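The values are calculated or read from the model by the stated rules, or taken from the named source; none is laboratory data. On a predicted model such as this, the values are computed, not experimentally measured, just so you know. All Cβ positions, even for glycine, are placed from backbone atoms using ideal geometry, and neighbour counts span all protein chains on display. The protein model used for the area step is the full one, side chains on, heavy atoms only, and it has no ligands, DNA or RNA in it. Shrake-Rupley method; radii C 1.70, N 1.55, O 1.52, S 1.80 Å.
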Number of protein chains: 2
Amino acid sequence: MKMFEPLKIGGMTIPNRIMVPAMVTHLCKEDGVVTQDTIDRYVRYAAGGTGLIVVEAMAIHQVKSGPLLRISDDKYIPGLRDLTQKVHATSDSKIVPQIIHFLKVARTGWRQTADMLSVADIDLIVEQFGDAARRAREAGFDGAELHSAHAYTLSSFLSRANPRADEYGGASIEGRLRLIGRVIENVRRKAGRDFPLGVRFNAEEFIKNGYTVVDSTRIAVRLAELGVDYISLSAGGKFEDAVHTPGQVLFPYSGYSGDRCMPGEWLPRGLHAGIAAEVKAHLVSKGHHVPVAVAGKLDDPRDAERVIAEGMVDIVGIARGLLADPDWPVKVRQGQVDRIVQCDYCNVCKALDGTHRMVNCALWPQGANQAPKDDPAVPVPQLAETRLTAVATDARIELKWSKAPGAATYQVYRAEAQGDPQMIDAVKVTFWSDSDVLGGNTYRYFVRPCAATGTPGARSDTATVDLPRPSYMATA
Amino acid sequence: MKMFEPLKIGGMTIPNRIMVPAMVTHLCKEDGVVTQDTIDRYVRYAAGGTGLIVVEAMAIHQVKSGPLLRISDDKYIPGLRDLTQKVHATSDSKIVPQIIHFLKVARTGWRQTADMLSVADIDLIVEQFGDAARRAREAGFDGAELHSAHAYTLSSFLSRANPRADEYGGASIEGRLRLIGRVIENVRRKAGRDFPLGVRFNAEEFIKNGYTVVDSTRIAVRLAELGVDYISLSAGGKFEDAVHTPGQVLFPYSGYSGDRCMPGEWLPRGLHAGIAAEVKAHLVSKGHHVPVAVAGKLDDPRDAERVIAEGMVDIVGIARGLLADPDWPVKVRQGQVDRIVQCDYCNVCKALDGTHRMVNCALWPQGANQAPKDDPAVPVPQLAETRLTAVATDARIELKWSKAPGAATYQVYRAEAQGDPQMIDAVKVTFWSDSDVLGGNTYRYFVRPCAATGTPGARSDTATVDLPRPSYMATA
């Protein structure tokens, strides 16, 4: 498969095209120091065979902010070095930190905006990014990634909603690019021009008056001109449309742009691949061959392979899919797709992030800090007797099945007409109600009981059910 | 060109694939009766050769609401008949009314929502749609279109945000489809099963928790099963994210979903063609060959032809482009693309709609109610001496040019590197500032002075300018 071919990114070579994008874990404490849990999380991705591991955003500045990794002082280097050493000792995965600057937010709903920064503040941010990248190198990372996506400082400057009237805004694309341009130059100077540098930014903002691919193609060209080693595309996740919960700080994934950034089950698969392909094609048309990554519901191995094989992008980002099952790469490579603990986009992980709690996956055993090990020697639970029933009501199909001994969860699959079955949910109970069905059609269902590790067992028998047409169609 | 091939839509045949979607005009008075201005507006589209004219939304119910056409009583039939007769006497264009039901809105920001309707209210709406369609037939329309897009009643029921818990919602797709299904059945019964019926609905809602193509493909299949004669796709335009201006009723095109619905210049061309193509392909995969239309920045003749020729959709909707120049079809057909009064997406028309004023186009002569006639015998203004200058500043390129005698507006064109020149704005002044340019690149500009009719004249000379690289790139 094309996704398992290595790729040169500046001076580093990633062993395959699979990337875990930066995901908040809240596995450290308020002091921002790497913990054993932090190390365990990333070693797990390395063991599973992810080509490029992007460590959760770590702050380049000293500021009060919950349990968040720090790279804002040399004192954090030993902990970070421990992390990189453990990852490098595990596999040939490459590991880079995502380095972040963010503005202040308050529980009242107030937030600092880009126009509140003085030029001296900006100069400081430029230096802080450079220092952080230098520390990343000293800590043994293979490169660094600038967080210039979503709701954070670099992204707020790139935004079409950048309110500054001076040379760092001024409603011009050059003004909006000035901060990231200076940051990149400073990073190169302090961390070395041979230190691989990636930038993550939004291919589209998805907010009122926000920028679209019309601007993101320009931003990408500038980054390529500056010699950035890879571009990682995301989307949305902005403060501008965030929903304020009284007493809570604004969570930038709570509005529509947040839906786009961490898409739930009702958004289409691979929803940003098309925009990313436009950015990639534009870069190529300008003679730039910088590798491009994209994320967004690409954890179906067929989708992941397609976006790489068709040249839409060079690297496939899988966040929640790899959180659910860090062994995704090795399982795909070994033809064990059937053993993947498949993300159902329930977004419990997003809710945990939004409330500053330790981020885990609802498919892991209750209370687990890390993805459990999948031991092929341990048998997965089976539905001894098939007792899956599917009953059509007026507008839904109700499923029930018998308990499988040892099952922790059940994957529910549906196929429409002659279509391929798709997993539509993963549940802990033994019933499910399908409200996304059209009367007049025949649907087929089966479930797969899953072990405590999340590893799915064999399919149940298939239940086939006809949903009757609604009464208004009787005369049609 | 493929777009000039006729198309059978149920019992009617449109002479070409070009559609003017429903656009509010505010050319009638509060009584909702067709005026001479109303007739003039639509006769103009017929004269220009538009294949399918969809008349602005007209209310099926008696409710107080500004200057809005009505079809809520038989007394409106004579006025509407006058309109259809005048259009039919002009060309072989087909004409259908968009018929609408909407819920109440107040200046306080309050609005009636779908869950406030009793089942008796719903039964009444079903009958009102049927009666309106019957009147449309009696008035000589070639068919009718149900407005099930944007912020209005039918769309609010289809929405994933439909708050009803009963059989008209209940978080199931069948529940959300029930009202439109009953409406279609009632329309068929009252207006006749041979009366062509189209439905306009959102391919995507573009609001938090809103539906996406995952649901719109299902909605399209149901409409096809019900024998709808054409499907017209729009997007966004919802109340849920509208920005409330104190003292004004909510305008559903004022939020992010409004940006998507009536995209300004910073949104990409043809921005909904891809989603529409997904819906069309899904329909075809299910054996449904109902014609599909889509709108959204498709007024570049190359884009319009491409979406038809590639089979992405069957009909191309051009709203603002045809408002600016109702002669677009005949000009394209006759190879006079250079004479098109090209929409620059300034959205003055949107602002006029939002404040309930008569909708005209900023490219028309000041105060004109209708698009002026383009008389090829009248010479267009020329820039006698070329005095276009382009000067690069830090982040912008400033253009100035001399006045052309008789020019009312100027089209500004830009080309990047070896690219095709694209019109980037149309202005009444003799200067322009380009803030969408990247340092280190060469840009070419020319302007075209336009007559009072908006018809552009010859190009000025081309000014070529290099924008310097920003200072932070010096060491890169």
> With θ set to phi - 60° and the Karplus curve 6.51 cos²θ - 1.76 cosθ + 1.60, what are the ³J(HN,Hα) couplings of region A:304-310 in order, to the nearest whole Hz, using x for Gly and Pro?
Replying inline: 4, 5, 4, 5, 7, 5, 7
> Label residue A:461 and residue A:123 with points 7 Å out from Cα along Cα→Cβ: what is the distance between them in nm?
Replying inline: 7.8 nm
>> Distance cut-off 26 Å, Cα to Cα: go down the list B:2/B:297; B:350/B:400; B:94/B:373; A:350/A:403 and report the pairs above it.
In response: B:350/B:400; A:350/A:403
>> Ordering A:23, B:116, B:1 by accessible area with a probe of 1.4 Å, largest first, what comes out?
In response: B:1, B:116, A:23
> Using alpha carbon centroids, what distance separates region A:188-206 and region A:416-435, in Å?
Replying inline: 41 Å
> Considering amide H positions built from the backbone, and no H for Pro or chain starts, which residues 5 or more places from residue A:7, or on another chain, come under 5 Å of its amide H?
Replying inline: A:14, A:16
>> Using DSSP to call loops (not H, G, I, E or B), can you name the trypsin sites (Lys or Arg not before Pro) in region A:275-372 whose Cβ has at most 12 other Cβ atoms within 10 angstrom?
In response: A:357
>> Nothing charged except the Cβ atoms of Lys and Arg (+1) and of Asp and Glu (-1): what's the magnitude of the dipole of region B:15-99 about its Cα centre? Round to the nearest 20 debye.
In response: 160 debye
> Hey, for residue A:246 with labels 7 Å out along Cα-Cβ, what do the inter-copy distances come to in nm, ordered shortest first?
Replying inline: 2.0
> How large is the accessible surface per residue of the protein assembly as shown, computed with a 1.4 Å probe and reported in Å² as a whole number?
Replying inline: 36 Å²
> Counting other Cβ atoms within 10 Å, which chymotrypsin sites (Phe, Trp or Tyr not before Pro) in region A:1-66 have at most 15 and lie in a DSSP loop?
Replying inline: none
>> I need the calculated FRET efficiency for the pair residue B:112 and residue A:112, taking r as the beta carbon distance and R₀ as 30 Å, to the nearest 0.05.
In response: 0.20
> How many percent of the accessible area of region A:2-354 is carbon or sulfur, using a 1.4 Å probe?
Replying inline: 52 percent
>> I'd like the Karplus ³J(HN,Hα) series for region B:445-454: coefficients 6.51, -1.76, 1.60, θ = phi - 60°, whole numbers in Hz, and an x wherever there's a Gly or Pro.
In response: 10, 8, 10, 10, x, 10, 5, 4, 6, x
>> Amide H of residue B:95 versus every other amide H placed in the peptide plane: which residues, excluding those fewer than 5 positions away on the same chain, fall under 5 Å?
In response: B:53, B:142
> To the nearest 10 square angstrom, how much accessible area does residue B:110 have with a 1.4 angstrom probe?
Replying inline: 120 Å²
>> Could you tell me which residue out of B:253, B:36, B:211 lies farthest along the dipole of chain B toward its positive end? Charges go on the beta carbon: Lys and Arg +1, Asp and Glu -1, centred on the Cα centre.
In response: B:36
>> With θ taken as phi - 60° and the coefficients 6.51, -1.76 and 1.60, list the Karplus ³J(HN,Hα) couplings across region A:278-294 in order, rounded to whole Hz; mark glycine and proline as x.
In response: 5, 5, 4, 4, 5, 4, 4, 5, 9, x, 9, 10, 4, x, 10, 10, 8
> Against the longest principal axis of chain B, how steep is helix B:213-225, in degrees 0 to 90 to the nearest 10, with axes from Cα atoms?
Replying inline: 50 degrees
>> Order A:150, A:289, B:288 by their accessible area, 1.4 angstrom probe, all chains in place, largest first.
In response: A:289, B:288, A:150
> In region A:422-474, carbon and sulfur make up what percent of the accessible area (probe 1.4 Å)?
Replying inline: 48 percent
> Using Cα atoms only, what is the angle between the long axis of helix A:119-138 and the major principal axis of chain A, expressed in degrees (0 to 90) to the nearest 10?
Replying inline: 70 degrees
>> What's the total accessible area buried between chains A and B, using a 1.4 Å probe, rounded to the nearest 100 Å²?
In response: 4600 Å²
> Quick one: helix A:77-90 against the long Cα principal axis of chain A, what's the angle to the nearest 10°, folded into 0 to 90?
Replying inline: 50 degrees
>> On a straight-distance basis, which lysines could pair with residue A:190 in a cross-link, Cα separation under 19 angstrom, same-chain partners fewer than 8 positions away excluded?
In response: A:75
